1. Let me have the 222 nm mean residue ellipticity of the protein assembly as shown computed from DSSP H runs of 4+ only, each contributing -39500 (n - 2.57), with the sum over all residues rounded to the nearest 500.
2. When a footprinting reagent is the concern and you count Cβ atoms within 10 Å, what order do A:298, B:228 take, fewest first?
3. Out of the DSSP beta bridges found with both residues in the protein assembly as shown, what percent are antiparallel (nearest 5)?
4. Taking neighbour counts of Cβ atoms within 10 Å as a proxy for exposure, in what order, fewest first, do B:165, A:122 appear?
5. Give the average, rounded to an integer, of partner chain Cβ atoms located within 10 angstrom of each Cβ in B:63-73.
6. For region A:233-293 and region B:88-136, what is the separation of their Cα centres, given in Å?
7. Label residue A:4 and residue A:34 with points 7 Å out from Cα along Cα→Cβ: what is the distance between them in nm?
8. In nm, to one decimal, how far is the residue B:75 label point from the residue B:15 one, both placed 7 Å along Cα→Cβ?
């Protein structure tokens, strides 16, 4: 009874309101509908992944699924520990490279150069995001992998190769969000520090970077999300071995490459196990995004209380 | 504002309507889906078929043996391509046609000093029990395994013919196509992989197995131990146009083409 009555009330109210208001309501409703359809798409995908993936996790047992390193899907053994380890190794490697270069770049562009140079350099770094990942993978295979094989040893396809390629790929994310965070630091902080006699570098690392810390953390975590989720380039340069890597030169398989490699062939439980791999990936990325959101929201809260 | 909204809605409706309309229009092609090992050969045959049978079209897609079988089972494709023998549970559901025999070549870098190995040694190499080329009469270099992904027809055929109960070492690098295996072996002096004999084409060295070099003649005579069938599978009797393509593939003319490309005639 309740919903019906409220709909009826809404309708009388709607008819009673003037023409202009009715028109605006219609437009608002239409926009709401488009927004909802985007969200319901997301909801459907989530529901589907979980519906396909969760039964096999309960069948195998969560502990066995996540902590066993035996992945023999055709014989009914589904352990994804090597892939989890692979994803973590490759992501950490990528973050070391991406954060060092990305942050350095952001500091340089916001603190030490003329705005004219920023206007050229910032868009060109952001352009890196527009290069398709296959191209990164291809460059990795053709140039980086033989280089590693010839000069550092091992098969070349390795954690190191994947980290470098991913590191370059997360650069634009890390750099541009860090730049935003650094630019959001009020000028007065910087001016005050310089006025107190601090050098430019002391000001940068002692004041500006500290003030922008939460924004930078958000940049790093969003970059991490990108690195965890990248697939194509990783398949091409990581070697895809189902083994926990012991050195930077060992090949690895990540969660995403596991799905992409075997999806075309899989059937039955094997396919469900790949969806379950997707569930694990989904949870990891949700956690990362939540952390990024909370951190950046906390920053917004601080800014308001200032 | 309202005008814009209406325009957008009409545009969306038009796109949806158009794609539905066009989607129904290309029903004339026979769809052939499956094994990436057979795909290049099927594409070549499809081209020749379209030349000699004007007005008939064949659409070839990859995806893998299992995907091909599933596509045939779900009527997504008229013909599924499968590069391994059917499994027991699949036998009742499909009608397989052997279109050719393919040798599985064990391939190494051209500079590798090893010329031949026994089947037992191949198994031990891929199981990870033999780890240095010295152990099979080569130079003192580590052996680097390259395998295909779980579910690949080539991998399944290799497992069945070579590994039996043993598992392929998990230290093996996994590549997702014959081409990727070839690319890796071509540039890595330590590597060993396996792939369709028809696709080796002289850039790699194929090892003799049990003293028999993998040649078309040795595959035909049955001396070379690693041979698998290339199958076209259909559910029930194929449609008329699918049958026309299958007949063409089995014709002496098409079989000669396959032989020229390095496969072995269907018996």
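1. Numbers: 24 runs with 326 residues, N = 573.
Here the helix-only value at 222 nm equals -18000 deg cm²/dmol.
2. Details: A:298 13, B:228 23.
Ranked by crowding around the Cβ, least crowded first: A:298, B:228.
3. Working: 24 of 40 bridges.
Of all bridge pairs located within the protein assembly as shown, approximately 60 percent are antiparallel.
4. B:165, A:122
5. 3
6. 27
7. Going by the 7 Å Cα→Cβ label model, 3.5 nm.
8. 3.1
Laboratory data are not the source of any read-out in this text; all were calculated from the coordinates shown. Bear in mind that the values here come from a model prediction, so they are computed numbers and not experimental data. Glycine gets a Cβ as well: all are built from the backbone with ideal geometry, and neighbour counts include every protein chain shown.
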